[in-house]
There are 2 protein chains.
Amino acid sequence: MSSTDGPGPGLSSNLVYLLKHAHLRMAELTTKALTPYGIEGRELGVLLALADLEPASQQQAAQRLGIDRTTMVALLDALEGKGLVSRHPHADDRRRNVVELTDAGKDALRLALKASADAEREFLAPLSPQAAEGLRNALRAIVIRPDP
Amino acid sequence: MSSTDGPGPGLSSNLVYLLKHAHLRMAELTTKALTPYGIEGRELGVLLALADLEPASQQQAAQRLGIDRTTMVALLDALEGKGLVSRHPHADDRRRNVVELTDAGKDALRLALKASADAEREFLAPLSPQAAEGLRNALRAIVIRPDP
DNA sequence: TATTGTTATACTCTATAACTATA
DNA sequence: TATAGTTATAGAGTATAACAATA
């Protein structure tokens, strides 16, 4: 799958192409790094989102991640099955499920974050520390934008 | 789908998350910009790859794009159906299809590139010109790497 | 035997529509 | 009526396996 001969100048300046393959590579490195912990890349995203705004409803967590609430269901099913998150009906509004990290979930998140940081280091290896910080900041500025 | 409330500090520094959503947004802007020309984002990628190394076999074009040769078939079927590329058996090796842009394909590529540049400008709007160049260069350095 | 294009098929990720239970 | 979670289903996008033609 990984391009054996580098793309030509036209394609290699195209942002859709560059972002697609950068994401593919980063996701691949993350998957590899997380394998020992029995966690998938998307599951780390859910744990991170929950850690940010815990306790949250499933819908809030989904919005935070930018995915549909129906997609969140299966993700949480898997994490709950592994004992990493818990679901309880909200006291005041019993339509909602309050989702929280279990202690095991917090431990897993800590370990997964370390592994993820290693994968990011490998991904960023071709860049100077300044360029790496610049990349992260640029992506943040583009992705985390005020309600469009 | 677009995150209505911004992610918290943990998630919003995660490179997989940032790259995924940056790619989603750039792909969406490109799709919108290309609609008037009847070309899809992935098809522009194929046209670009062909323009870089024309004339190429289907397999060479697929490698250049980092996709499977079986995926390339349907992509080229569509482009050939629109009259933008032509396929001919290679003279010396008749297993291969030589794929070339037609004149209509070259025209379409020119127009699509202009539209794509507009989309990139909108995507990069939150960044200074220097930061935008830095982002493109950083992605190039990471994606276009010597045979891993 | 190996390679190119092709087809059939399956898998992953995702969303839309419809159901339920609550509000 | 409207919302949260769920389920069933469908549509992208992709790859793997197998086949025909050619090398």
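Looking only at region A:86-108, filter to residues that are charged (D, E, K, R) and within 16 Å of DNA strand C (Cβ to nearest atom); which one of those is surrounded by the fewest Cβ atoms within 10 Å (Cβ to Cβ)?
A:92
Got at least one residue in region A:130-138 being under 28 Å from residue B:139 (Cα atoms), in contact (Cβ under 8 Å) with a residue 24 or more places away in the chain and either in contact with a strand residue (DSSP E or B) (Cβ under 7 Å, 6 or more places away or on another chain) or not polar (S, T, N, Q) (or both)?
The answer is no, given that none of the residues of region A:130-138 is under 28 Å from residue B:139 (Cα atoms), in contact (Cβ under 8 Å) with a residue 24 or more places away in the chain and either in contact with a strand residue (DSSP E or B) (Cβ under 7 Å, 6 or more places away or on another chain) or not polar (S, T, N, Q) (or both).
This table checks each residue for (1) within 14 Å of chain B (Cβ to nearest Cβ); (2) in contact with a helix residue (DSSP H, G or I) (Cβ under 8 Å, 6 or more places away or on another chain).
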{"position": "A:79", "(1), (2)": "no, yes"}
{"position": "A:96", "(1), (2)": "no, yes"}
{"position": "A:101", "(1), (2)": "yes, yes"}
{"position": "A:121", "(1), (2)": "yes, no"}
{"position": "A:134", "(1), (2)": "yes, yes"}
{"position": "A:142", "(1), (2)": "yes, yes"}
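Filter region A:41-72 down to the residues that are assigned to a loop (DSSP other than H, G, I, E, B) and more than 7 Å from chain B (Cβ to nearest Cβ), then identify the one that is nearest to residue A:107 (Cα to Cα).
A:54
May I ask you to list pairs of residues, at least six apart or on different chains, whose Cβ atoms are under 7 Å apart, with the first in region A:42-53 being farther than 10 Å from residue A:67 by Cβ and β-branched (Val, Ile, Thr) and the second being at pLDDT below 95 and surrounded by fewer than 24 Cβ atoms within 10 Å (Cβ to Cβ)?
none
List the number of the failed condition for residue A:74; all other conditions in (1) of a type in the set (A, V, I, L, M, F, W, C); (2) touching a helix residue (DSSP H, G or I) at 6+ places or on another chain (Cβ under 8 Å); (3) more than 17 Å from residue B:11 (Cα to Cα) hold.
Going through the list (1) of a type in the set (A, V, I, L, M, F, W, C); (2) touching a helix residue (DSSP H, G or I) at 6+ places or on another chain (Cβ under 8 Å); (3) more than 17 Å from residue B:11 (Cα to Cα), residue A:74 breaks only (2).
Report yes if some residue within region B:101-112 is free of Cβ contacts under 8 Å to residues at least 24 places away in the same chain and outside any helix (DSSP H, G or I); otherwise report no.
Yes, region B:101-112 has at least one match.
State yes or no: is residue A:49 surrounded by 15 or more Cβ atoms within 10 Å (Cβ to Cβ), among the aliphatic types (A, V, I, L, M) and either under 20 Å from residue A:144 (Cα atoms) or within 11 Å of DNA strand C (Cβ to nearest atom) (or both)?
The answer is yes for residue A:49.
Considering each of B:76, B:139, B:65 in turn, give the residue that is within 13 Å of DNA strand D (Cβ to nearest atom) and under 30 Å from residue A:133 (Cα atoms).
B:65 is the lone residue from the list that is within 13 Å of DNA strand D (Cβ to nearest atom) and under 30 Å from residue A:133 (Cα atoms).
Between a residue in region A:86-100 that is closer than 14 Å to residue A:72 by Cβ and any residue that is modelled with pLDDT of 95 or more and of a type in the set (Asp, Glu), which pairs come within a Cβ distance under 8 Å, given they are 6 or more apart or on different chains?
Close Cβ pairs satisfying both conditions: A:87/A:80.
How many residues are within 17 Å of the chain's Cα centre (by Cα) and not in a helix (DSSP H, G or I) if we restrict to region B:113-148?
Of the residues in that region, 1 qualify.
The values are calculated or read from the model by the stated rules, or taken from the named source; none is laboratory data. Being a predicted model, the structure only gives us computed values, none of them experimental. Cβ atoms come from the backbone with ideal geometry, glycine included; neighbour counts cover every protein chain shown.
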